[in-house]
Amino acid sequence: MLVYRVEKNDSILSIAKKFNTTASKIKQLNNVETVVEGERLVIEETGGSYVVGPFETLESISKKLGVSLEQLKMLNGEAVFLGERIVLPRE
């Protein structure tokens, strides 16, 4: 499980697509019908996760793990920090 902070223009459906899950699963896990910017949601991890090491960037993680940089950015935002657990795309 991971915690996702709702961003501007997010909907339950768009978040579900981002994490390869269903809107109904998000609604059930969080007991919500709609979301608002800044709200935190529990999301089931779908493709695994990775802990960011020293001096790693999304680009270096993408190359190391052989996953799409664009997918990593879509799932985790533009920047990552040491020790952060990021979501990996589903294969």
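Residue by residue through the stretch 28-38, which ³J(HN,Hα) values in whole Hz follow from phi under the Karplus form 6.51 cos²θ - 1.76 cosθ + 1.60 (θ = phi - 60°), with glycine and proline marked x?
5, 5, 10, 6, 10, 10, 9, 10, 10, 3, x
Quick one: order 34, 57 by neighbouring beta-carbon count within 10 Å, fewest to most. Don't skip to the answer; put the middle values down first.
Values: 34 8, 57 13.
Final ranking by Cβ density, sparse to dense: 34, 57.
For the stretch 13-91, take every pair of Cα atoms, bin their distances at 5 Å starting from 0, and report each bin as a whole percent.
Taking every Cα pair in the stretch 13-91, the percentages come to 3, 14, 25, 22, 16, 12, 6, 1.
Which ³J(HN,Hα) values, rounded to whole Hz and listed in residue order, are derived for the stretch 66-72 from phi using the Karplus coefficients 6.51, -1.76 and 1.60 in 6.51 cos²θ - 1.76 cosθ + 1.60 with θ = phi - 60°, glycine and proline given as x?
For the stretch 66-72, the Karplus-derived couplings read x, 10, 5, 4, 5, 5, 4 Hz, x marking Gly and Pro.
Residue by residue, what Karplus-based ³J(HN,Hα) values in Hz, rounded to whole numbers, does the stretch 73-89 have, using 6.51, -1.76 and 1.60 with θ = phi - 60° and x for Gly and Pro?
In residue order, the calculated couplings are 5, 5, 7, 10, x, 8, 10, 10, 10, 3, x, 6, 8, 9, 8, 9, x Hz.
Residues with amide H under 5 Å of residue 49's amide H, sequence separation 5 or more or different chain, H placed in the peptide plane at 1.01 Å from N; which?
Sorted by chain and number, the residues that satisfy this are 88.
Nearest 0.05, what FRET efficiency do residue 74 and residue 28 give at R0 = 22 Å with Cβ-Cβ as r?
Working: r = 24 Å, r/R0 = 1.07.
FRET efficiency, residue 74 to residue 28: 0.40.
Label residue 5 and residue 39 with points 7 Å out from Cα along Cα→Cβ: what is the distance between them in nm?
Here the modelled spin labels are 1.7 nm apart.
Here is the link list: 18/64; 25/64; 17/63. Which ones come out longer than 28 Å on Cα distance?
Flagged as over cut-off: 25/64.
At a threshold of 8 angstrom on Cα-Cα distance, excluding pairs fewer than six apart, so keeping six or more, what relative contact order does the stretch 2-43 reach in percent? If you can, show how the numbers build up before the last one.
On the way: 54 pairs, mean separation 25.0, N = 42.
Averaging sequence separation for qualifying contacts and normalising by length gives 59 percent for the stretch 2-43.
Bear in mind these aren't lab numbers, they're just calculated from the coordinates by the rules spelled out. Fair warning: this is a prediction, and the values are worked out from it, not measured in the lab. Neighbour counts run over all protein chains shown; Cβ positions are idealised from the backbone, glycine included.
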